[in-house]
1. Could you tell me which residue of the range 31-75 is least open to solvent (accessible area, probe 1.4 Å), considering only residues that are among the polar types (S, T, N, Q) and either part of a loop (DSSP other than H, G, I, E, B) or closer than 28 Å to Q4 by Cα (or both)?
2. Between a residue in the range 47-75 that is closer than 22 Å to Y33 by Cβ and any residue that is modelled with pLDDT of 90 or more, which pairs come within a Cβ distance under 6 Å, given they are 6 or more apart or on different chains?
3. Filter the range 5-30 for residues that are outside any strand (DSSP E or B), of a type outside the set (G, A, S), open to solvent by less than 70 Å² (accessible area, probe 1.4 Å) and closer than 16 Å to I52 by Cβ and give the result.
Amino acid sequence: MENQFITIEEARKILGISRAQMYNYTHRKLFPYYRPTGRKLYFKKEDLYAFIEKGHVASVCETEQMANEIARRKS
């Protein structure tokens, strides 16, 4: 994916959150952002998608596979 910069409005639509929540996330530095002029915020889509992927919750099948792999290694 190309380094495409997007505005806060486009970013919050990708994440499905409010403008206030978006500012809360940037304040807490949960993902990178850019502020070249000291005012307007910009984001890279790839950074937002990486943030979303961090919230991956393993399915029962994935958890069982991991448990089986660990058990095999210990044998």
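The values are calculated or read from the model by the stated rules, or taken from the named source; none is laboratory data. Just so you know, these numbers come straight off a predicted model, no measurement behind them. Reconstructed Cβ throughout: ideal geometry from the backbone, glycine too, with neighbour counts over all protein chains shown. Ligands, DNA and RNA are stripped out before the accessible areas are found, and what is left, the full protein with its side chains, is counted by its heavy atoms. Shrake-Rupley method; radii C 1.70, N 1.55, O 1.52, S 1.80 Å.
1. Per the criteria, the residue is S59.
2. As it stands, the answer is D47/F31; D47/P32; L48/A11; L48/I14; F51/F31, since those pairs meet every condition given.
3. Of everything in the range 5-30, those that are outside any strand (DSSP E or B), of a type outside the set (G, A, S), open to solvent by less than 70 Å² (accessible area, probe 1.4 Å) and closer than 16 Å to I52 by Cβ turn out to be R12, I14, L15, I17, Q21, M22, Y25, T26, L30.
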